[in-house]
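Working notes, beginning with the structure itself.
Rule-based calculations on the coordinates, nothing more; no lab input. Since this is a predicted model, take the numbers as computed values, not measurements. Ideal geometry is used to build each Cβ from the backbone, glycine not excepted, and the neighbour counts take in all protein chains shown.
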There are 2 protein chains.
Amino acid sequence: MTDLSSIQPRSPIELYLKDLHERHLNFREGQVADYIPELAGADPDWFGISIVTRDGHVYEVGDTRQPFTIQSVSKAITYGLALEDRGESLMLSRISVEPSGDAFNAISLKADSGAPFNPMINAGAIATCGQVLARDGLSRIERILAYLSACAGRRLDIDEKVYRSESDTGHRNRAIGWMLRNFGIIDEEPTDILETYFRQCAIRVTCRDLAMIGATLANSGRNPLTHEQAIDPEFVDNILSVMSSCGMYDYSGEWLYRVGLPAKSGVGGGVLAVLPGQLGIGIFSPPLDTQGNSARGIRVCADLSRDLALHLFAPGAAPVNALRLSYDGGQVASRRHRAKKLHDLLRGKGHRIRVVELQGELNFPAFEPVIRFVLKQAPYCRHVVLNLRHVANIDKVALKLILDLRRRLAEAGVDMVLCNAGLFADDMIEQGIGREALFVDDDAALEHCENALLASLTGTVEPGTTRVPLAESTLLAGIDPADIEWLDRRMPEHRARAGEHVIRAGEAGDSLSVLIEGSVGVYLPSPTGGKPKRLEVFDAGRSFGEISLLDGSERSADVIALEPICYRVLDLALFEQLGSERPALKLKLLEQLCRQLSGNLRKANIEIAAFRE
Amino acid sequence: MTDLSSIQPRSPIELYLKDLHERHLNFREGQVADYIPELAGADPDWFGISIVTRDGHVYEVGDTRQPFTIQSVSKAITYGLALEDRGESLMLSRISVEPSGDAFNAISLKADSGAPFNPMINAGAIATCGQVLARDGLSRIERILAYLSACAGRRLDIDEKVYRSESDTGHRNRAIGWMLRNFGIIDEEPTDILETYFRQCAIRVTCRDLAMIGATLANSGRNPLTHEQAIDPEFVDNILSVMSSCGMYDYSGEWLYRVGLPAKSGVGGGVLAVLPGQLGIGIFSPPLDTQGNSARGIRVCADLSRDLALHLFAPGAAPVNALRLSYDGGQVASRRHRAKKLHDLLRGKGHRIRVVELQGELNFPAFEPVIRFVLKQAPYCRHVVLNLRHVANIDKVALKLILDLRRRLAEAGVDMVLCNAGLFADDMIEQGIGREALFVDDDAALEHCENALLASLTGTVEPGTTRVPLAESTLLAGIDPADIEWLDRRMPEHRARAGEHVIRAGEAGDSLSVLIEGSVGVYLPSPTGGKPKRLEVFDAGRSFGEISLLDGSERSADVIALEPICYRVLDLALFEQLGSERPALKLKLLEQLCRQLSGNLRKANIEIAAFRE
């Protein structure tokens, strides 16, 4: 039996797509477009299906690498470029976004303004081309080609033969161009714009490219593999909206009804569909139905949507609620080991600290239940910690709501802090949250809240900084004064400066230390030489290093003084001397250690239960 | 200082809605509908905003309890009832779902079939009314009223005066009715159907009702407060689709573009919008714009959508990835304390068990990354546990994928089990997953995997059932034979039958036990008298009850024999006798206990780190 299984299991999703492909292989309805000979030559049996997830994983089956011309699928993407060049309000004033009810090549212009009904019909697409600016030393078509290439994540090219043919036969489109010029929808004579349009339609793509462009739209305009921001995220919803209402010619209403995905098809046989936020789909099959959509493409998408429940409005399709877990400071404490009195105070009042772990993408629907939860807890607590460790993204709305919530809580005397803000910290500071409210991790945030709670309960500003005599240390609680005196004479006193190492990982563990003044941090050295991770803090009155002393193991972590400290040391030699000279004291110490360890274990088990909840 | 804060903080969402309401209070464009005197009497200043979340929380500001007639908003809901009565294909054959481009009251019928363009124009809505069946002893209008009432979660009624006026003046609609009869779109003379339609439009609702109906649509057709399944979930996506493409008259394309929410308006001044899966919105403001939509309603919805980023296609609006947490059996072990040899074996090979915690709603986009993650782990493990504890819902697709994944893993020699399946267990068993693959919680699943792994590593079927002599128990490892003999003569042997209590919670803790044969379970009695929760299992060779013996606390849990057991007892008297007669042995035992507790604490800290990750 080896440690590696020899067989890699097969993905049920790949098997499903293979089956879907086979199921539709023999469907032979529709006619390959034949208005130019270059399209008429397409093999009606070419058939590819590709799905690309938001994080760039590619599923593909069939002829997914066969190049073909993008045709009308380009209209949706060029619309994005025109929006970037001209802005939403100018674009809406020139090209409407209402479904027309007319054929794709009709000269459908609004009676009053001459505005094409929408950017997905030829009139609207030519008008859209005309809004793209020639700039940065690039012509319109060079910019369109670069834009589409960025979406696809590879350099695309133009099928010059198809372009020639389109241009040679595109007289109806020329008529549309001049009508647009007549109404002032385009600012110049249409000649160059039309050649740009013909070239744009002749850009060569594959089925995989279409799915990748779809995934780029699903991923807020960022290509999931190259990570290039191909489309300004501000305009992604505009593109998806016109695809939803007008993307599939006169079948758009029924497509939304049956398939329920923003999509665009082209007479080359391509269909691009998007499940916003999730994935892109590319289908390639040249035979077209009477509405000009890939006949097999429509059927495959309908099956995909039904089989995988991808319809935009599919019941239960939207997971929300950013609340991952919540516990209070009585269940989970910081790793700071405080003097007994403070420790006991916190055990009694720890429930006044409330930790809320969030998850996923924070937007209004996901964060709204969190607000309700926190407001419900507010009357019972003084401190709230929002742990953002598992938050993937925070939109502007949620960011504003976090700040608003903090303000409202402050009015009611509740202090809210955040931890693990990571990439979002800068945005938060920019929005006016003070740096003092942001903590590197949940332990640091918890400790801050505990300190503040203890300060308010004890009336001192910095609880835990006083000197604790050996007799009052947790380890020696309840030990006879004579025994303590015996130890006091034999345990040497050491001092260390702030930042000095008291213990180094890897050393032999031959002593335990009782901290008399100040506090120490226990740090796990990073194996990669990075910043060490702080595991625990011990305050005056607490002891550390017992476990290595007891089981003889080497030190697993560094112990570093956090301020000038004073500590007393009980080493192995003294521990053995105890066994022969004062066995009763050694017994008591061991019983004390057992109790201390039992207590820590109980506490750890309560924490585990809180995390397993 | 009391334990309760006296001030309840204010919700930032309520404050936002109050501000939004104020911002639009002075917007006075539009005309109140005046084609019948009952509508003309509406106060143009009435203005309400209401949002109801998927779980039934109501936010409201302004005139949200002012009754008004539902008018065309009813068209969307009645369409659902007709679908339930007639099915999708018959409905599609009689009423198309394409945007018309014509006015709402045009006699827009398709040239070939006479089918109305869509159910949101009058022709389509009257045709829809005609598909609703009179049944269960109820007339058409009684069924429609009951259906809408179930959506709103309260009994609605009809404004008889408005109905009378609508009927007295509805001649154009009568013409439409007869055209529909002419084309055979309705099966009977239109007279009764038209009166039903007029009455349906005169149903009285409030702004809050509209938001609640929206939340019912957002919640897969189930009213979030009454929990009644008001609309068959199969047809919720159909309703939302026609609202998206045709809900806002000739403004539908631009509405989807700007606001991006399925919506329906009525001439009574109501607007109902839905963020699928999340929430319902109701706006009430009687003055209408030239397209017949509430002028203020449109502006408020545009602001709401922008301010709260509710657009269907808003970037980052879709949180996914059901993967909550993953760890291996080397990081987190079951609560079964095994004999040392097996314990050590598991420490070395525990990574061959992989636990994957899932969360949220499992559908294709959320579960797909989990499949990839598990397949990537598969070559390194023999056992996979899917923990469903935090899963809110599993759709049919994800259910099938779970089963497929299990089958594919089995082919590669990897065993996948599930735990915390809860409500989904029955569905899983129905789909063919064996009961033996479902475990009540993660601990039971982990223990099963550990048992199977140990069986394959040791070649025995039931590892851990053999007798372990006192000298080989974990507690006495390394103790001198003479000491063990001394203990052996003094520790009485006890036996218990399967199911018998060895320790009861609340008893004084005056002994520790070493298990020689069989195993025991530690159970926490339920405070409500329910099923006790199993905390830990101890196998032969392990001891239990030490902590109470050491710190004198009472027993916190029951210990029950899981099979016939044999155990040896070290009680308080013997422990004290040890101190006086064999202090060196007592020291060794305490050191041993300290080491055991230290080991458990280390293990607990590794678990905590895995859960905090």
What aspartates and glutamates does B:Lys603 reach when the alpha-carbon gap must be under 14 Å and sequence neighbours fewer than 8 apart in one chain are set aside? A:Glu607, B:Asp328, B:Asp344
Can you give the Rg and Dmax of the range B:12-307 based on its C-alpha atoms, in angstrom? 17.5, 56
Considering only C-alpha atoms, what is the centroid distance from the range A:534-558 to the range A:425-443, in Å? 32 Å
Using a Cα-Cα cut-off of under 14 Å, which aspartates and glutamates could be cross-linked to A:Lys110, ignoring same-chain neighbours fewer than 8 residues away? A:Glu98, A:Asp102, B:Asp102, B:Asp250
Quick one: helix A:160-169 against the long Cα principal axis of chain A, what's the angle to the nearest 10°, folded into 0 to 90? 40 degrees
Taking loop as defined by DSSP and a crowding limit of 13 other beta carbons within 10 Å, which trypsin sites (Lys or Arg not before Pro) in the range A:501-606 fit? A:Arg504
What do you get for Rg/Rh over chain A if you use C-alpha atoms and the Kirkwood form of Rh? 1.17
Between the residues A:Val440, A:Leu358, A:Leu346, the Cα farthest towards the positive end of the dipole of the range A:323-458, that dipole coming from +1 and -1 charges on the beta-carbon of Lys, Arg, Asp and Glu, is from A:Leu346
Magnitude of the charge dipole, the range A:470-612, Cβ model with Lys/Arg +1 and Asp/Glu -1, debye to 20: 500 debye
Taking the Cα atoms only, what angle lies between the long axis of helix A:583-612 and the longest principal axis of chain A, rounded to 10 degrees? 20 degrees
Across peptide B:276-282, what mean number of C-beta atoms from other chains lies inside 10 Å of a residue's C-beta? 4
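Take the eigenvalues of the Cα gyration tensor for the protein assembly as shown, scale each by 5, and report the square roots as semi-axes in whole Å, largest first. List each step's numbers first, then the result.
On the way: eigenvalues 890, 221, 187 Å².
Each semi-axis is the square root of five times an eigenvalue, giving 67, 33, 31 Å.
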Going down the table (B:Lys531/B:Lys588; B:Lys349/B:Lys533; A:Lys341/A:Lys588; A:Lys18/A:Lys264; B:Lys531/B:Lys586), which pairs top 31 Å between alpha carbons? B:Lys531/B:Lys588; B:Lys531/B:Lys586
Fraction of alpha-carbon pairs in the range A:43-134 farther than 22 Å apart, rounded to whole percent, equals 44 percent
Taking the Cα atoms of the range B:470-588, report the difference between the largest and smallest coordinate on each principal axis, in whole Å and largest first. 47, 27, 19
Alpha-carbon Rg/Rh ratio, for the range A:203-341, with Rh computed the Kirkwood way: 1.25
Determine the calculated [θ] at 222 nm for chain B from helices alone, applying -39500 (n - 2.57) to every DSSP H run no shorter than 4 residues and normalising by the residue count; nearest 500 deg cm²/dmol. -13000 deg cm²/dmol
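Work out, in µm²/s and without decimals, the Stokes-Einstein translational diffusion coefficient of the range A:264-376 at 20 °C, 1.002 mPa s, Rh from Kirkwood over C-alpha pairs.
In µm²/s, the coefficient rounds to 114.
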Note on the range A:1-70: C-alpha Rg/Rh, Kirkwood Rh, two decimals, gives 1.15
Run through all the Cα pairs of the range A:134-281 and give the fraction in each 5 Å bin from 0, expressed as whole percent. 2, 9, 15, 18, 20, 18, 12, 4, 0
If N is the residue count of the range A:323-458, its Cα Rg over 2.2 N^0.38 Å rounds to 1.01
Once the Cα atoms of helix B:73-86 and of chain B are each reduced to a long axis, what angle between those two axes, in degrees from 0 to 90 to the nearest 10, is obtained? 70 degrees
Any aspartates and glutamates whose Cα falls less than 13 Å from that of A:Lys340, other than same-chain ones fewer than 8 residues away, would be A:Glu472, A:Asp539
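With a cap of 16 neighbouring Cβ atoms within 10 Å, and only residues DSSP puts in a loop, list the GluC sites (Glu not before Pro) found in the range B:20-52.
B:Glu29
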Here the convex hull volume per residue of the range A:251-310, taken over Cα atoms and given in Å³, is 67 Å³
Provide the per-residue ³J(HN,Hα) series for the range A:217-227, in order, calculated from phi with Karplus coefficients 6.51, -1.76, 1.60 and θ = phi - 60°, each as a whole number of Hz, with x at glycine and proline positions. 5, 5, 9, 6, x, 9, 4, x, 9, 7, 6
